[in-house]
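Shown next, in structure tokens, is the structure this report addresses.
Every number in this text was worked out from the coordinates using simple rules, so none of it is lab data. Note that the structure is predicted; figures quoted are calculated from it, not measured. Positions of Cβ are backbone-derived with ideal geometry, glycine not excepted, and every protein chain shown enters the neighbour counts.
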Amino acid sequence: MDKISPEDVRKEVHRFWAILSGKSPDKLEEMYSPAAIVFSGKAKRSESARLTAVRRSRQLPGIASTSKVEVGSIDVQFVGPDVAIAAYTYSFNTHKVQADGTKVQLNTPFGRATQIFQRSEGGAIRIVHEHLSAAAPPDMGKASE
Amino acid sequence: MSNISADDIRAEVKKFWDFFSRKSKSRFDEMYFHSATVFAADARRMEPARLMLVRRERELFGPASLVAAKLGTIDVQILGADLAVASYPFHLSITRTFASGKRFQVEVPSGRATQVFQRDEKGVLRILHEHMSSAEPVSPKELPPAPPSTPA
């Protein structure tokens, strides 16, 4: 089986954010190993990635939404031939239109991410652990017209 | 060398917080690989662990500072014979005293930690990467000045 390369990892990170910002039709749950554990942005406890993926997939931006993500430089540390740690900063801004027509904005300007990838027996690279956090609380409020 | 077990990792996590709260600087420093990287709870960027250790020593290891932590359940993921990830919630209480004499208390009731451990060439478990964060905003509170110590 091929070793993981930095390009493999960076490609997966960008795929992850393309899915989260509604710009890729790929399935979020397929990015995770079945036993993966996630600390999402504001959760007090870690949870199974399966739960996180289902919740995030429900919240993915729809047609009436716009999202913008900027991923900073991705640091990749290799720990053995089949495990790599990606650590990077990001900013995420999304505007959504709620059922009642209200526009809301969520802005995370100082996001920080650790994602640990491992190559599965089938050869796919999957996230086995994820910790997303923000150095400053995200802004959430009504979007301006 | 035996494979890492979940109990080995939980013991290392408890040692980490024990050294931190007892301000055992050298033993605390030894828990990290020289090349380790860290997202500190309030930092906007990742940094080498050695920089974080210098800052932590200056800010938290002084005689007038106090650190106390209560840990939640420690989840351990074994990723290889010598590699594992610990993740857990924690409640951290910190008191810092500045050179001006001002004292501040910081409560982090919803802290979250990810620590990646690997055995070094001697078989010692060390931290390779750490990500600390808080699920809630944290604001320091100023405390009244400490009473002057009374002579014996």
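Brief remarks follow.
- Considering only beta bridges that DSSP places wholly inside the protein assembly as shown, some 90 percent are antiparallel.
- Peptide B:114-123 has a mean shielding of 2, counted as Cβ atoms of other protein chains within 10 Å of each residue's Cβ.
- Rounded to the nearest angstrom and listed largest first, the equivalent-ellipsoid semi-axes of chain A from its Cα gyration tensor are 28, 15, 14.
- Filter on A:LYS42/B:LYS102; A:LYS27/B:LYS70; A:LYS23/A:LYS103; A:LYS96/B:LYS141 - keep pairs with C-alpha separation over 27 Å: A:LYS42/B:LYS102; A:LYS27/B:LYS70; A:LYS96/B:LYS141
- Other residues within the sphere of radius under 9 Å centred on the Cβ of B:GLY62, judged by their own Cβ, net out at +1 (K and R +1, D and E -1).
- Lys/Arg +1, Asp/Glu -1 at C-beta; chain A dipole; positive extreme among A:ALA136, A:PHE117, A:ILE4: A:ALA136
- Top positive-direction residue, dipole computed over segment B:83-123 with Cβ charges, set B:LEU92, B:GLN105, B:GLY123: B:GLN105
- Per residue of B:14-23, other chain Cβ atoms within 10 Å of the residue Cβ number 0 on average.
- Cβ-Cβ distance of B:LYS14 and A:LYS68, R₀ of 45 Å, FRET efficiency by 1/(1 + (r/R0)^6): the value works out to about 0.60.
- Cα gyration tensor category, rounded, prolate or oblate, for segment B:6-142 with a/c compared to 1.5: prolate
- Residue-count net charge about B:PHE28 - beta-carbon cut-off 11 Å; Lys, Arg +1, Asp, Glu -1: +2
- FRET efficiency, 1/(1 + (r/R0)^6) with R0 45 Å, evaluated for A:ALA99 and B:PHE61 via beta carbons: 0.30
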